[in-house]
1. List every residue whose amide H lies under 5 Å from the amide H of residue 238, counting only residues 5 or more places away in sequence or on a different chain, with H placed 1.01 Å from N in the peptide plane.
2. Rounded if a/c is under 1.5, else prolate if a/b beats b/c, else oblate: with a ≥ b ≥ c from the C-alpha gyration tensor eigenvalues square-rooted, which is region 128-277?
3. Scan the chain and hand back the longest stretch that contains none of the chymotrypsin sites (Phe, Trp or Tyr not before Pro) lying in DSSP loops with at most 12 other Cβ atoms within 10 Å.
4. Would you mind telling me the share, in percent, of accessible area of the chain contributed by carbon and sulfur at probe 1.4 angstrom?
5. Taking 0.36 nm per residue of sequence separation and subtracting the Cα-Cα distance, how much length would be gained by fully extending the chain between residue 160 and residue 18, in nm to one decimal?
6. List the GluC sites (Glu not before Pro) in region 77-144 that DSSP assigns to loop (not H, G, I, E or B) and whose Cβ has at most 16 other Cβ atoms within 10 Å. Which are they?
7. Per residue of the chain, what 222 nm ellipticity follows from adding -39500 (n - 2.57) for every DSSP H run with n ≥ 4, rounded to the nearest 500?
8. Show the residues, 5+ positions off or on another chain, whose built amide H is closer than 5 Å to the amide H of residue 48.
Amino acid sequence: MQVVKPLFEARALRQKLSGTVGFVPTMGYLHEGHLALVKQARIENSAVIVSIYVNPTQFGPREDFGAYPRDLNRDLELLKGGGVDIVFVPSDDEMYPPEFSSWVDVEKVTERLEGAARPGHFRGVATVVAKLFNIVQPSRAYFGQKDAQQVMVIKRMVADLNMGIEIVVVPTLRESDGLAMSSRNIYLSPKERQAAMILFKALTLARQLRRGGEKDAEEIRRQMTALIQKEPLAQIDYVSIADAEALEELSSIDRPAVASLAVRIGKTRLIDNMPLE
Ligand code: PAF
């Protein structure tokens, strides 16, 4: 496993790889969810590249960029033995030099949910992922289902810009009580960690209602909202029952749908989702 920081070295090492390259872009502070992406990339490709970069442009001015957990040594330790060929750790100076002025703006699918709650977020994500794709030139790239809208944005970008990269989506990994694994879970106090189970409970309720034949999306949103409101530490950002293809809010569930939510537990904003079909 080679760890490279300068961009020219990452490019040079990439050129030496033959066969297919699986790429796992991350912001570090790795957990089992990231390792599942690496594992799948390892199975499906001749070589695996992981990037670790906390991308400043996808954080809003009042978001947690400064506080976002970072521990490169811990990350490298976790990646050891996972069959990773290259770990690329770019610097801000190289990713965003002072003259930087080109952005990737994916329209429509970014207008709702996370895009509406976090203006500019997906512009930052799409831009950094496009840059990383250009540097790494992967055959396949691996993303978690937990960030369902991010996956849609990246798939749209890859198709629209003819990038010719296969996007592989890996199911969300959960703690034993259902909480989706996330680097941000580290922010939660023990009390908040308990309260955070409400996200999975609300999604499970949505699925149960749907399985029981409920087609009225508003009724499902209403019951999810009522359940979350019973948790004193939880504050809802959004609760959504949307079309699984375009993420448009549904009134009646007449096609594949996904329940998704963003909830603040104390100061920590958590997101999660669950397909309803
Ligand atoms: O999902 C993430 O960790 C980030 O949004 C990504 C894709 C690495 C881009 O910074």
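1. For residue 238, the qualifying residues are 262.
2. Values: a/c = 2.42, a/b = 1.37, b/c = 1.78.
Oblate shape, in that a/c is at least 1.5 and b/c is the bigger or equal ratio.
3. Numbers: sites that count: 100, 103.
My reading of the result: 104-277 is the longest stretch.
4. 50 percent
5. Working: separation 142, 0.36 × 142 = 51.12 nm, distance 2.68 nm.
Extending this stretch completely gives an extra 48.4 nm.
6. Numbers: sites: 77, 94, 99, 107, 111, 114; in loops: 99, 107, 111.
The qualifying sites are 99, 107, 111.
7. Computed mean residue ellipticity for the chain: -11000 deg cm²/dmol.
8. HN-HN under 5 Å from residue 48: 22, 85, 86.
The values are calculated or read from the model by the stated rules, or taken from the named source; none is laboratory data. What you see is a predicted model; the values in this text were computed from it and never measured. Ideal geometry is used to build each Cβ from the backbone, glycine not excepted, and the neighbour counts take in all protein chains shown. In case anyone asks, the SASA skips ligands and DNA or RNA and just uses the protein heavy atoms, side chains included. Shrake-Rupley method; radii C 1.70, N 1.55, O 1.52, S 1.80 Å.
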